[in-house]
Amino acid sequence: MNQKLRAPIAFLFMGLLLLSVGAGQSWSVSLGIINLCLISAIMSLGVNIQWGYAGLFNAGIMGFVAIGGVSAVLISHEPVSEAWASGGFGILISLSFIIAAYCLILLIRKNLNSIFLRKFFVLLISLLTLFIVLYFYRPAVSSIESINPAKTGFLGGLGLPIIYSWLVGGLIAGVIAYFIGKITLGLRSDYLAIATLGISEIVIAILKHEDWLSRGVKNVTGLSRPVPYEVDLQQADWFVDLVIWINSGKISSILDSSDQTIFINQLIIDSSGIFVKFCYAGLFTIVLLIILAFSNRALNSPWGRMMRAIRDNEDAASAIGKNIVKQHLQVFIIGSAVVGIAGAMLTTLDGQFTPGSYQPLRFTFIVWIMVIVGGSGNNLGSIFGGFFVWFMWIEAEPLSIFIVQFLTNGLDYDNVIRLHLIKSAPHLRLFLMGLILLLTMRFMPQGVIPETIKRK
């Protein structure tokens, strides 16, 4: 197939799949899938920036998604004044000492020539900082978590519009990626994967157990949203009039006034949910297009060509004077920041932050399948992979049930084999993911939309 036709055909096929869900199930379900596909596409873009551009195997995607998610809490949730008054000062003091110690260590490592003295002072400062931080940190945490733990028990956030968290989530993820990258990017690719996976698990463990930060496993619910609430729309005259006007034909066909009223009320409820999801889809699409534009610009720039050169042959790139670790650190930070943005968007869509929901299967390995299936090194390919793989992940359960029912149509309704297969149908999504990956690697090893390199 002509390489130029692959992208249009792939996205046309994806559009038909989404339209089929809307026509066969409901448009609300279709829009819900689209929103999650858009977020997954941004995650896939972040991984593609790291792997497709520079060959970095980051197995800790889950951690950066969670960092983006907690940023939504820190930005949008109202501050808990009682918690701040009780232990906020101790937390700030602890954080200040950590930052000061880090800056002092950097200064010592830069200015002291003696290796022995550097190690001695670094160790001394680290131990002193640890004791000082624990002295302020422990009583502050205990005090904060004791403040009405059933409802709060944490510091809360800044009370700002949650859409700001999309930028902040990317920023925080990028900053943390800097520190992780400084530690791990000197490792071999397999060691890098192990280290990033372990660090992501540490991040999740912290979010689960540090209640003062985000309530831990108690979860944070009721976060603000950048779109209207369904209840408010249902009470808005302009929305009610718009729904009635659009569906005037169907309404006029109902002769009984009471049935007509019931139909209109149900129509308004259904339409409000669709409208909200449509608004989310619009916002997510704008973010995706902005990231895609910058990604394509970077990929086709001298910087992008240098990254691909490093990816293809590190030794040759190093021989001509390129700082491999420095360049890897740049791309690691950028890719992690993009993933952090997606994590903040996901929490915004859910309206809650649940640390226990972050699992490697969903937020690391499935994302990697998206990149592989779509086409590593191609931004459009990674977007298509995000859409297609997540669509199949969502629709695998109803599709599996349909196939099982079709194959067991000749058996009795209460047949043991039939019931067992229907009960096991949801688990076939894992088989389906494996099948998609195997077929891609066998017949399209470079992905559905493979990388194309423009020759100057």
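All of the numbers you see were taken from the coordinates with simple rules; none came from a lab. Note that this is a predicted model, so its numbers are computed, not measured. No Cβ is skipped: glycine too gets one built from the backbone with ideal geometry, and neighbour counts run over all protein chains shown.
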Kindly flag which residue pairs out of Lys151/Lys277; Lys250/Lys423; Lys119/Lys326; Lys4/Lys182 have an alpha-carbon separation exceeding 31 Å in this structure. Lys250/Lys423; Lys4/Lys182
Could you give the radius of gyration (one decimal) and Dmax (whole number) of the Cα atoms in the stretch 375-456, in Å? 17.7, 67
Would you compute, from DSSP H runs of 4+ residues alone, the mean residue ellipticity of the chain at 222 nm, taking -39500 (n - 2.57) per run and dividing by the full residue count, rounded to the nearest 500? -25000 deg cm²/dmol
How large is log10 I(q)/I(0) at q = 0.13, 0.14 Å⁻¹ when the Debye formula is applied to the Cα atoms of the chain, each weighted equally and without solvent? -1.28, -1.38
A correct fewest-to-most ranking of Glu78, Glu314 by other Cβ atoms within 10 Å would be Glu78, Glu314
Show me, for the stretch 266-283, the HN-Hα J-couplings you get by feeding each phi into the Karplus relation (A = 6.51, B = -1.76, C = 1.60, θ = phi - 60°), rounded to Hz, glycine and proline as x. 5, 5, 5, 4, 5, 5, 5, x, 5, 4, 4, 5, 5, 5, 4, 4, x, 5
Cα centre as origin, Lys/Arg/Asp/Glu Cβ charges: the stretch 375-456 dipole, Debye: 560 debye
Arranged by the count of other C-beta atoms within 10 angstrom, fewest first, what order do Ile105, Ile291 take? Ile105, Ile291
When the dipole is taken about the Cα centre of the stretch 80-155, and only Lys, Arg (+1) and Asp, Glu (-1) are charged at their Cβ, what size is it in debye, to the nearest 20? 420 debye
Prolate/oblate/rounded label for the stretch 356-402 (Cα gyration tensor, a/c 1.5): oblate
Return Tyr178, Tyr137, Tyr358 ranked ascending by Cβ neighbour count within 10 Å, so the fewest neighbours appear first. Tyr178, Tyr137, Tyr358
Sorting check: for 398-409, 64-75, 205-216, which peptide has the highest mean count of neighbouring beta carbons within 10 Å, and how do the rest follow? 64-75, 205-216, 398-409
In whole angstrom, and with the biggest value first, how far do the Cα coordinates of the stretch 80-155 range along each principal axis? 53, 16, 15
Normalised convex hull volume, the stretch 234-317, alpha-carbon set, Å³ per residue: 135 Å³
Quick check for me: using +1 on Lys/Arg Cβ and -1 on Asp/Glu Cβ, what's the dipole size of the chain about its Cα centre, in debye to the nearest 20? 2240 debye
Calculate, for Ile403 and Ile125, the FRET efficiency according to 1/(1 + (r/R0)^6) with r their C-beta to C-beta distance and R0 56 Å; round to the nearest 0.05. 0.35
